[in-house]
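The values are calculated or read from the model by the stated rules, or taken from the named source; none is laboratory data. It should be emphasised that the depicted structure is a prediction, and the values quoted were computed from it without experimental measurement. Using ideal geometry, Cβ is built from the backbone for each residue, glycine included, and neighbour counts are taken over all protein chains shown. Heavy atoms of the whole protein, side chains included, go into the accessibility calculation; ligands, DNA and RNA do not. Shrake-Rupley method; radii C 1.70, N 1.55, O 1.52, S 1.80 Å.
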Amino acid sequence: MASTASMQVLVASNRGPVSYEVREDGSLAARRGGGGLVSGLSAIGPDAGSLWVCSALSDGDREAVRRSHGGRRLSVDATGGQHVRMLDIDETVHSDAYNGIANSVLWFVNHMLYQTPLEPVFDAEFRRQWASYEAYNRAFAEALAEEAAEGASVVVQDYHLCLVPGMLRALRPDVKIGHFSHTPWAPPDYFRMLPQDIREQLLLGMLGADRLGFLTHRWSAAFAACVRDTIVEAVPRLAQSGVPEAFQYVPDWKGPGHRTWLGVHGLGADADFLRRRAHEPDVAERMAALRAEIGGDAGSPRRTIVRVDRTELSKNIVRGLLAYRQLLEDRPEWRERVVHVAFAYPSRQDLAVYRDYTAEVQRVADDINATYGTPTWTPVVLHVKDDFARSLAAYRLADVALVNPIRDGMNLVAKEIPVVSDEGCALVLSREAGAYEELGEDAIAVNPYDVIETARALEEALNMAPGERAERTKRLAAAATALPPAQWFLDQLNALNG
Ligand code: F6P
């Protein structure tokens with residue numbers, strides 16, 4: 001069937017570029033987000049015929065959909081000119097798909113977060129939620145099929161939408177389909193935890209794409225290994241082609257099939273935006289306030305170890321605090337001379353395990369302050385309310401950046417701090433962060449589980465000579481900005497079309 005739709009470039013993601021709140025007077029307040037996709041779509045320009053398909057995530061979003069043009073398009077005034085179609089998927093279906101499957105199963109598998117003696121349990125409740133995940137993916141596939149012009153390019157984002165490429169291909173074999181994973185991918189032994197039919201569905205769903213993008217070679221190789229492990233042996237309808245990074249996928253036994261190419265695009269920091277934004281007046285205000293909290297003499301200001309994260313299980317904030325405590329214990333000469341500035345912003349608070357983790361971060365920080373603090377020195381300055389200007393202020397003040405995730409797709413904070421820091425900062429970086437592939441040489445690498453090694457790394461970072469720190473920061477910033485967001489997006493589009 002020839003399409004009469006007009007959109008040439010379509011992006012699909014769970015979280016869209018805008019969110020809404022209903023004000024007390026009943027009007028809607030829109031809040032625009034940032035990030036790689038927003039820059040990417042603005043880079044292709046307003047006339048390119050681009051559409052962002054996303055999900056309504058809150059009551060405000062649902063209200064915005066109700067007030068939009070027949071549920072098809074949000075007002076472009078609120079989106080900065082970007083055409084956005086927000087899907088008002090049934091709230092229970094969305095919650096099962098997002099909280100139940102995407103964030104409690106797929107996120108846990110890809111980040112290897114389960115405490116395996118007791119979890120996961122794939123029972124009837126899991127099957128019920130999986131049906132919602134299928135319905136939610138189908139809603140996206142149908143909206144994309146309806147909107148895409150003949151031969152359009154569709155780039156689907158992340159683990160929320162693994163089934164979309166396969167579903168969309170069945171509906172619209174003419175469009176070019178890309179999928180990009182912003183997370184790590186699990187190694188086969190861990191992925192094997194999932195029931196066999198679910199593994200097949202996930203991988204075959206992804207292989208419906210022409211091109212699958214990953215943040216690092218490590219995650220791309222893990223995906224390829226899972227395909228070989230799960231499907232090649234079990235279902236003899238997928239044969240690896242002679243090309244190492246492509247799979248020949250025959251969607252049904254009779255069809256000609258297609259190749260799915262694997263590619264790596266290491267999303268970088270947006271240097272121009274960050275440097276400009278970090279020198280706006282609200283950031284200067286936050287710096288003054290932070291300096292007052294950090295304290296110390298004007299002549300010898302206290303040193304800072306900075307971390308900025310969502311309060312996310314994989315970010316390893318608690319072990320970061322334990323490593324800092326170990327440093328204060330082992331090296332008392334640092335007491336009163338250093339402050340750990342830790343920003344842990346709320347995330348996924350619908351899930352009990354995230355609420356418990358947030359409480360544990362607060363408890364350990366309080367405990368360090370109670371044990372080591374003095375009337376004039378608070379060892380940990382913890383903030384839990386999201387404030388981008390304050391994050392940039394902390395980036396600028398950082399002497400040491402602590403980025404120690406258990407496992408992370410990339411970790412943009414590791415890339416942003418060296419770009420913004422005023423005096424240069426030493427980067428303590430987990431080997432398990434995707435960013436390690438590009439920044440490892442100039443960072444101090446740590447095993448995220450080893451708090452003693454991390455404490456030593458923090459000390460080494462604090463003691464790094466200013467000259468070396470500045471040199472390393474320069475190299476880190478260059479590596480961190482090698483692929484700015486707009487280019488990252490355009491590269492994927494070009495590769496998809498090429
Ligand atoms: O890392 C994957 C990701 O989807 C990011 O793209 C995003 O910043 C983060 O997780 C936040 O997720 P959520 O939409 O659940 O808050």
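Give the residues of the stretch 359-375 that are in a helix (DSSP H, G or I), small (Gly, Ala, Ser) and open to solvent by less than 50 Å² (accessible area, probe 1.4 Å), sorted by residue number.
Residue satisfying the conditions is 365 alone.
Quick one: in the stretch 167-184, which of the residues that are open to solvent by 10 Å² or more (accessible area, probe 1.4 Å) and either of a type in the set (Phe, Trp, Tyr) or more than 18 Å from the chain's Cα centre (by Cα) (or both) is nearest to residue 102 (Cα to Cα)?
Filtering first and then ranking leaves 167.
Considering only the stretch 338-358, state which residues are in a helix (DSSP H, G or I) and open to solvent by 60 Å² or more (accessible area, probe 1.4 Å).
Hits for the stretch 338-358 are 353, 355, 356.
Let me confirm something: among 332, 379, which residue is more than 30 Å from residue 114 (Cα to Cα) and surrounded by fewer than 21 Cβ atoms within 10 Å (Cβ to Cβ)?
332
For residues that are open to solvent by 30 Å² or more (accessible area, probe 1.4 Å) and in contact with a strand residue (DSSP E or B) (Cβ under 9 Å, 6 or more places away or on another chain), scanning just the stretch 382-396, find the one that is farthest from residue 348 (Cα to Cα).
390
For the condition at pLDDT 95 or above, β-branched (Val, Ile, Thr) and closer than 15 Å to residue 157 by Cα, what is the one hit in 38, 9?
9
So which of 42, 27 ends up being over 17 Å from residue 151 (Cα atoms) and either under 18 Å from the mean Cα position of the chain (by Cα) or open to solvent by less than 80 Å² (accessible area, probe 1.4 Å) (or both)?
27
Could you list all residues from the stretch 467-482 that are over 12 Å from residue 419 (Cβ atoms) and open to solvent by less than 30 Å² (accessible area, probe 1.4 Å)?
Residue satisfying the conditions is 469 alone.
I'd like to know if the stretch 47-70 contains one or more residues that are among the basic types (Lys, Arg) and within 16 Å of the ligand (Cβ to nearest atom).
No - not one qualifying residue is present in the stretch 47-70.
Please find, within the stretch 279-302, the residue that is farthest from the chain's Cα centre (by Cα) out of those that are in a helix (DSSP H, G or I) and surrounded by fewer than 13 Cβ atoms within 10 Å (Cβ to Cβ).
Among them, the one singled out is 292.
Of all residues in the stretch 411-424, which are under 23 Å from the mean Cα position of the chain (by Cα) and either open to solvent by less than 30 Å² (accessible area, probe 1.4 Å) or of a type in the set (D, E, K, R) (or both)?
411, 413, 414, 415, 416, 417, 418, 419, 420, 421 - these are the residues of the stretch 411-424 that are under 23 Å from the mean Cα position of the chain (by Cα) and either open to solvent by less than 30 Å² (accessible area, probe 1.4 Å) or of a type in the set (D, E, K, R) (or both).
On the given criteria, is residue 126 assigned by TED's automatic domain parsing to the domain that holds residue 203, within 16 Å of the ligand (Cβ to nearest atom) and buried (at least 16 other Cβ atoms within 10 Å of the Cβ)?
no
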